[in-house]
Amino acid sequence: MTVRVAMWSGPRNISTAMMRSFGARADTVVVDEPLYAHYLDVTGIEHPGRDAILRSQPTGWPEVAAQLTGPLPGDPAVHYQKHMTHHLLPVIGRDWLGTLTHAFLIRDPAHVVASYARVRGEPTLEDLGYPQQAEIFRAYGGPVIDAADVLRDPAGTLSRLCAALGIPFDPAMLAWAPGPRPTDGVWAPHWYSAVEASTGFAPYDPSPPDVPARLRPLVEAAQPYYDELAGSRTP
């Protein structure tokens, strides 16, 4: 039976590298942000490649949910779903989520805000997805891993994650060939240049984040949600 892993992350994290890691497994099929088109359609937000994204995916969430929970060609052992937490809008029904195995990729909000501020000047708490991530965690639980832990110790952290998901760890998850993938979203040309050049997880950078003064209240607002999930990190 396929283990359907819904990995929930906010932006400016290592979510695409994690998708590469799982995609390097021979027994795994990955899907890239399947609710993105629905999110853009409902919110009307302008993102790079918006029209192409809307054409590339269903804009109705029930169709997306059916795809994520329905039969898969080849019956893979693992179906890895890379999700952005802010894509789970309030209008989306939640019942189908109960059929998935949930996991959570978190990152310290100061680092997230400092990174996000370089690409979008005025992010909101909802843009960062911390409240949505906490909502999903409270409802369904699941293993929690911190991006910093992955970068410090990829083999150890991924081994613990796989054990918590009930799947075997595969050393192939630690390295991958560079370049694009057919499973990448059509937005890849706008965002994936770094991961396309990568062959594994980047070294951990201990440099302190440079958070603009105007965005420090945003870090403070996100911190309790991060702390809640961080307190349940997979040991």
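The values are calculated or read from the model by the stated rules, or taken from the named source; none is laboratory data. Quick caveat, the model's predicted, so the values are computed rather than measured. Virtual Cβ from ideal backbone geometry, glycine too; neighbours counted across all protein chains shown. Please note that ligands, DNA and RNA were not included when accessible areas were found on the heavy atoms of the full protein model with its side chains. Shrake-Rupley method; radii C 1.70, N 1.55, O 1.52, S 1.80 Å.
Among the numbered criteria (1) closer than 20 Å to ALA6 by Cα; (2) touching a residue at least 12 places away in the same chain (Cβ under 8 Å); (3) of a type outside the set (S, T, N, Q), which single criterion is violated by CYS162? With (1) closer than 20 Å to ALA6 by Cα; (2) touching a residue at least 12 places away in the same chain (Cβ under 8 Å); (3) of a type outside the set (S, T, N, Q) applied to CYS162, the lone miss is (2). Among the numbered criteria (1) out of contact with any Gly (no Cβ under 9 Å at 6 or more places or on another chain); (2) within 23 Å of VAL150 (Cβ to Cβ), which single criterion is violated by SER21? Only one criterion is unmet by SER21, namely (1). Give just the number: which of (1) in contact with a helix residue (DSSP H, G or I) (Cβ under 9 Å, 6 or more places away or on another chain); (2) over 23 Å from HIS111 (Cα atoms); (3) at pLDDT below 95 does MET1 not satisfy? Failing condition for MET1: (1). Output the number of the condition that ASP184 fails; it satisfies all remaining conditions of (1) in a loop (DSSP other than H, G, I, E, B); (2) surrounded by fewer than 18 Cβ atoms within 10 Å (Cβ to Cβ); (3) at negative phi; (4) at pLDDT 95 or above. Among (1) in a loop (DSSP other than H, G, I, E, B); (2) surrounded by fewer than 18 Cβ atoms within 10 Å (Cβ to Cβ); (3) at negative phi; (4) at pLDDT 95 or above, the lone unmet condition for ASP184 is (2).
Looking across the range 109-136, just one residue is open to solvent by 50 Å² or more (accessible area, probe 1.4 Å), under 30 Å from ASP95 (Cβ atoms) and either polar (S, T, N, Q) or over 16 Å from the mean Cα position of the chain (by Cα) (or both), and that is THR124.
Per the conditions (1) over 16 Å from ARG25 (Cβ atoms); (2) in contact (Cβ under 8 Å) with a residue 12 or more places away in the chain; (3) within 17 Å of the chain's Cα centre (by Cα), the sole criterion not satisfied by MET173 is (1). Of the residues making up the range 70-95, those that are open to solvent by 50 Å² or more (accessible area, probe 1.4 Å) and within 21 Å of MET1 (Cβ to Cβ) are PRO71, PRO73, GLY74, ASP75, ASP95.
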